[in-house]
Amino acid sequence: MVSRSATLALNDAINARRATGEDIIHLGFGEAGLPVLPEAAAALADGAGQNSYTPVAGTVRAREAVAGYLSRGGLPTDASQILLAPGSKALLYAALSTLPGDVVLPVPSWVTYAAQAQLAGKRTIPVPIPGAAGGVPDPELLTSALAAARARGADPRILILTLPDNPTGTVAGPALVQQVCELADRHGLTVVCDEIYRDLAYDPAAVQSPAALLPDRTIVTGGLSKTMALGGWRIGFLRVPEGSAGHRIADGITALGSELWSCLAGPMQAAAAYVFDSPPPVLEHVQASRRLHATVAHAAHDIFAKAGISCRRPQAAFYLYPDLEVLRPELAARGIRTGVALADHLLEEHGIGVLAGEHFGDAPEQLRFRAATSLLYGRTADERWTALRSTDPVSLPWISAALERLDGTLRALGSK
């Protein structure tokens with residue numbers, strides 16, 4: 001049986017504690033933490049009368065908008081290659097269920113991938129990520145991991161990549177992506193690349209889509225939950241390869257979608273068409289979001305670095321993945337020997353919510369966690385708009401206070 005999503009469970013628990021008056025610094029949930037662009041809200045309102053069922057794959061208008069967005073981003077795409085659904089999570093599951101074989105998974109990786117593989121009746125083959133970045137398996141370990149998996153009777157046929165990465169907030173470079181794609185091709189793996197954070201890379205040009213390197217074997221997923229902070233609107237897309245193989249995949253996913261979600265709601269498709277057309281207000285909003293995410297995430301990284309804690313410097317979105325191994329003696333003296341115990345201690349003793357690395361595939365004894373800085377931007381729309389428009393968001397009282405509290409907590413953890 002699959003357990004409830006660790007991220008959603010933690011978010012619910014923290015919101016419940018906040019409702020009773022507890023002052024919790026929420027670093028445990030990957031919500032983009034920004035207000036809705038008014039023009040996107042207007043497009044949604046304009047589509048409110050679209051209450052009929054649409055084709056399972058989506059309207060032609062919305063699919064053309066997504067295809068245009070991808071094409072402008074350097075990945076030529078036809079509308080026939082696009083499927084829409086209530087969130088990319090549903091499409092990821094449909095893809096895993098439709099494709100044959102077991103799943104190769106970089107670790108650490110987003111909590112949902114392994115759970116969905118289990119739901120689809122597939123084994124997962126974990127491969128550690130390289131030191132340079134997360135989201136891809138270490139090429140030097142991938143071949144041996146595949147051989148070992150096959151020797152155990154597994155059938156690795158699907159490779160999940162995340163560019164940019166959740167939970168490390170990093171972007172695998174083009175050379176690394178090419179190495180992994182060459183290995184995937186050599187071993188007959190279909191790549192499923194989750195690119196939902198693509199537009200939030202601090203240097204968007206640094207993101208190399210596997211679909212451009214391995215076009216016949218790569219599926220791409222994305223959506224508006226992160227780029228536009230529209231998680232609750234549940235707008236996701238999936239791009240299949242060109243040709244007969246892509247059509248077969250699309251047919252399988254569409255058949256599954258017809259029984260699971262029927263279609264993406266019409267008003268959401270109207271909003272999606274507006275946003276994916278990339279008009280100036282959307283481009284300006286995304287650019288401002290990217291700048292805010294980078295500023296606050298880098299400020300948090302500086303705090304971890306000052307404490308001597310190992311942590312990759314974020315290159316995208318709003319995530320950090322610190323490793324507190326350097327503090328193991330001090331933590332052990334407090335009875336903290338696992339990542340879950342560390343996360344529990346931070347919440348109970350310091351009022352800071354994070355998600356333990358074990359949920360992302362780490363070994364239980366590893367003292368790592370994911371910290372998401374995006375919910376520091378404010379608890380009201382006014383605060384979030386202020387943060388988005390600020391030239392110095394770290395100096396805003398509600399953000400600076402949270403960062404100071406994180407700094408004080410790390411100093412307390414390192415004290416004898």
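Counted by Cβ distance under 15 Å from V104, the other residues give a net charge of 0, where Lys and Arg count +1 and Asp and Glu count -1.
If you sort T7, T124 by accessible surface, 1.4 Å probe, largest first, the order is T124, T7. Applying both filters, DSSP loop and at most 14 other Cβ atoms within 10 Å, to the GluC sites (Glu not before Pro) of segment 326-408 gives E365. For V192, nonlocal amide neighbours, meaning residues 5 or more places apart or on other chains whose placed amide H falls under 5 Å from its own, are L159, I160, L161, I219.
Under a 5 Å amide H cut-off, with hydrogens placed 1.01 Å from N, R123 pairs with V103 among residues at least 5 apart or on other chains.
The HN-Hα couplings worked out from phi for segment 298-304 by the Karplus form 6.51 cos²θ - 1.76 cosθ + 1.60 (θ = phi - 60°) are 5, 5, 5, 4, 4, 5, 5 Hz, whole numbers, x standing for Gly and Pro. With the highest mean first, a sort of the peptides 230-238, 103-111, 141-149, 16-24 on other beta-carbon atoms found within 10 angstrom per residue produces 103-111, 230-238, 141-149, 16-24.
Taking the DSSP beta bridges with both ends in the chain, the antiparallel portion is around 45 percent. Built from the Cα atoms of segment 1-128, the convex hull projects on average onto 12.1 nm², one quarter of its surface area. Out of C193, C311, C181, any idea which swings most in a Gaussian network model of the chain, alpha carbons joined below 10 Å? Most flexible of the set in this elastic network: C311.
Backbone geometry of segment 274-286 corresponds, through the Karplus equation with coefficients 6.51, -1.76 and 1.60 at θ = phi - 60°, to 3J(HN,Hα) couplings of 5, 5, 6, 5, 6, x, x, x, 5, 4, 5, 5, 5 Hz, x marking Gly and Pro.
Shape of the chain from the C-alpha gyration tensor: oblate (a/c of 1.5 or more and a/b not above b/c, with a ≥ b ≥ c the square roots of its eigenvalues).
Solvent-accessible area of segment 49-277 (1.4 angstrom probe, protein heavy atoms only): carbon and sulfur portion equals 53 percent.
Average accessible surface for the chain: 39 Å² per residue, computed with a 1.4 Å probe over protein heavy atoms with every protein chain in place. Percentage of Cα-Cα pair distances in segment 337-377 greater than 12 Å, rounded to whole percent? Taking all Cα-Cα pairs of segment 337-377, the fraction more than 12 Å apart is 54 percent.
Kirkwood Rh over Cα pairs of segment 147-241 into Stokes-Einstein at 10 °C, 1.306 mPa s: D in µm²/s? Don't jump to the answer; show the numbers that get you there.
On the way: Rh = 14.2 Å.
This corresponds to a translational diffusion coefficient of 112 µm²/s.
Ellipticity at 222 nm from helices only: DSSP H runs of n ≥ 4 in the chain, each -39500 (n - 2.57), divided by the residue count, give -14000 deg cm²/dmol. Of interest is the spacing of the C-alpha centroids, which for segment 115-182 and segment 1-22 amounts to 29 Å.
Under 5 Å between amide hydrogens, built in the peptide plane, is the criterion, and for A316 it picks out Y202 among residues at least 5 positions away or on other chains. Applying the Karplus relation 6.51 cos²θ - 1.76 cosθ + 1.60 with θ = phi - 60° to segment 141-146 yields 3J(HN,Hα) values of 9, 5, 4, 5, 5, 5 Hz, where x marks Gly and Pro.
The values are calculated or read from the model by the stated rules, or taken from the named source; none is laboratory data. These numbers were taken from a predicted model, which means no experiment stands behind them. Note that we place each Cβ from the backbone using ideal geometry, even for glycine, and neighbour counts take in every protein chain shown. Protein only, heavy atoms only, side chains kept; ligands, DNA and RNA dropped before computing areas. Shrake-Rupley method; radii C 1.70, N 1.55, O 1.52, S 1.80 Å.
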